Amino acid sequence: ILLLFFCFSLIKIYSQEKTDSIKSCCNNDSLLNKGEDGLEARFPGGDPAFHRWLNKSFTSRYEMLEGSGLQGNCMVKFLIDTTGKISEMQFCSMKGTLAETVVREIFAKSPLWQPAVSTKRGKITQWHCQNIIFQYGLFE
């Protein structure tokens, strides 16, 4: 039986040690860490809901992705604007690959996020980093 090794393996939040190239790409994880108080940008329902949404979005593309042989870590940094829309994307890894194309298509359909709010400035833009792991496996 061919199954997608999906539960927290195809899509999971980045929590491992960051390499130097990823550190430089994702050095602005939080604008609020610059001495401001406030609330971080948040996907509706929080991280668990974001991961469920990502899993559902990638599952519909599973056959195409598996057939391409695409494997690896795709680190993406994206800007959540003051309306909650993802307005910019930068790829720290897998630039110019099918992974970038698919991630861009999926993130373009993202529900609106709750934007970051600074106690000093109100709604602000905020960068967010996400590691997406493309991994497939056979289980018997």
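The values are calculated or read from the model by the stated rules, or taken from the named source; none is laboratory data. If you're wondering where the values come from, they're calculated on a predicted model, not measured in any experiment. Glycine also receives a Cβ, built like all others from the backbone with ideal geometry; neighbour counts cover every protein chain displayed.
Restricting attention to region 96-129 and to residues that are surrounded by fewer than 16 Cβ atoms within 10 Å (Cβ to Cβ), charged (D, E, K, R) and touching a strand residue (DSSP E or B) at 6+ places or on another chain (Cβ under 9 Å), the residue that is nearest to N55 (Cα to Cα) turns out to be R104. Within region 97-140, being aromatic (F, W, Y) and modelled with pLDDT of 90 or more holds for F107, W113.
Of all residues in region 90-140, those satisfying the criterion of being among the aromatic types (F, W, Y) and either touching a residue at least 60 places away in the same chain (Cβ under 8 Å) or assigned to a strand (DSSP E or B) (or both) are F91, W113, W127, F134, Y136, F139. Among the residues examined, L79 does not qualify as buried (at least 18 other Cβ atoms within 10 Å of the Cβ) and either over 21 Å from R121 (Cβ atoms) or under 12 Å from the mean Cα position of the chain (by Cα) (or both).
Which of the residues spanning region 52-79 are β-branched (V, I, T) and over 16 Å from T97 (Cα atoms)? Lay out the reasoning, then the answer.
If we filter region 52-79 for residues that are β-branched (V, I, T), which is where we start, we get 59, 76.
Correct list: T59 only.
Of all residues in region 118-136, those satisfying the criterion of being touching a Ser or Thr at 6+ places or on another chain (Cβ under 9 Å) and of a type outside the set (F, W, Y) are G122, K123, I124, T125, Q126, H128, N131, I133, Q135.
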